[in-house]
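See below for the structure under consideration.
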Amino acid sequence: MDAAIEALGQISAIKGRGARHRLSIDGGSFTLIDESYNANPASMRAAIAVLAAAQPDGEGRRIAVLGDMLEMGAFSGEVHADLASPLLAAGIEHVWLAGTEMAALRDALPDSVHVEYRQSTDELAAFVTGAVAPGDIVMVKSSLGLGFGRIVSALLDKYPAFHDTGRQI
């Protein structure tokens with residue numbers, strides 16, 4: 001039993017499935033939550049709940065970076081637009097989107113939400129890497145086929161891992 005407990009204690013989230021990174025940025029750090037491996041309505045809601053439970057530092061924001069859920073068929077527009085409700089209930093005020101289907105969510109969100117929309121993953125990656133700020137919590141989620149792992153990689157490439165020295169200034 002002790003060996004099992006020790007083994008379970010060493011389990012951590014893997015790339016694309018909830019891995020968290022604390023990254024350095026001028027003036028502090030921000031947190032990246034990598035949920036870029038897959039997306040469906042249930043997993044999107046679960047990721048939104050994880051983001052809602054996270055506490056930004058200082059003036060930091062909770063930012064949902066969302067891409068299309070693929071293979072939704074005739075219901076695609078509806079299931080994408082339906083994400084507005086859990087985002088609003090969670091108090092997520094910054095939603096950054098890419099993909100054809102995410103236009104439905106963009107159109108469903110009220111003006112009180114700060115929405116950024118780009119057609120492509122690479123356009124959104126360029127925006128995200130320049131728009132994050134100290135204290136932010138950035139959750140990246142989409143279906144694998146959209147390539148949102150490139151947004152995660154761009155953030156990891158631009159911002160080094162944060163190492164808290166524990167020094168008081």
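With viscosity set to 0.890 mPa s at 25 °C, what whole-number translational diffusion coefficient in µm²/s follows for segment 79-148 from Stokes-Einstein and a Kirkwood radius over Cα pairs? It would help to have the intermediate numbers written out before the result.
On the way: Rh = 12.6 Å.
Reported coefficient: 194 µm²/s.
If amide H atoms are built 1.01 Å from N in the plane of the peptide, which residues on other chains or at least 5 residues away come under 5 Å of the amide H of residue 29?
Distant-sequence amide H within range of residue 29: 135.
Return the whole-Å distance between the Cα centroid of segment 123-139 and the Cα centroid of segment 73-96.
About 19 Å separates the Cα centre of segment 123-139 from the one of segment 73-96.
Evaluate the charge dipole of the chain about its Cα centre and quote only its size in Debye, nearest 20, assuming +1 on the Cβ of each Lys and Arg and -1 on the Cβ of each Asp and Glu.
On the way: 13 positive and 21 negative charges, 59 e Å.
So the magnitude is around 280 debye.
Could you work out [θ]222 nm for the chain from helices alone, using -39500 (n - 2.57) per DSSP H run of at least four and dividing by all its residues? Round to the nearest 500 deg cm²/dmol. Walk me through the numbers before you get to the answer.
On the way: 7 runs with 60 residues, N = 169.
Here the helix-only value at 222 nm equals -10000 deg cm²/dmol.
For a quick check: with amide H placed at 1.01 Å from N, whose amide H comes under 5 Å from residue 97's, ignoring anything fewer than 5 positions away on the same chain?
It is 66, 116, 117, 118, by chain and number.
Can you divide the C-alpha Rg of the chain by 2.2 N^0.38 Å and report the result to two decimal places? Each step should come with its number before you reach the end.
Values: Rg = 16.4 Å, N = 169, 2.2 N^0.38 = 15.5 Å.
The chain yields a ratio of 1.06.
To the nearest 20 Debye, how big is the dipole of segment 26-121 about its Cα centre, given +1 on the beta carbon of each Lys and Arg and -1 on that of each Asp and Glu? Numbers along the way, then the final one.
Numbers: 5 positive and 14 negative charges, 19 e Å.
In total the dipole reaches around 100 debye.
Which loop GluC sites (Glu not before Pro) in segment 14-77, with loop taken from DSSP, have no more than 14 other Cβ atoms within 10 angstrom of their Cβ?
Numbers: sites: 35, 59, 71; in loops: 59, 71.
The qualifying sites are 59, 71.
To test your reading of the geometry: what angle, between 0 and 90 degrees and rounded to tens, separates the Cα axis of helix 149-158 from the longest principal axis of the chain?
40 degrees
In the chain, what percentage of the DSSP-assigned beta bridges are antiparallel, given to the nearest 5? Present the calculation step by step, with values, prior to reporting the outcome.
Working: 9 of 30 bridges.
Looking only at bridges with both residues in the chain, the antiparallel portion is about 30 percent.
Relative contact order of the chain, please, whole-number percent, based on alpha carbon pairs below 8 angstrom and at least 6 residues apart. If you can, show how the numbers build up before the last one.
Details: 322 pairs, mean separation 54.2, N = 169.
Relative contact order of the chain: 32 percent.
Readers should treat all values here as calculations from the given coordinates under stated rules, not as data from a laboratory. Since we're looking at a predicted model, the values are computed, not measured. So basically every Cβ, Gly included, is an ideal-geometry build from the backbone, and we count neighbours across all protein chains shown.
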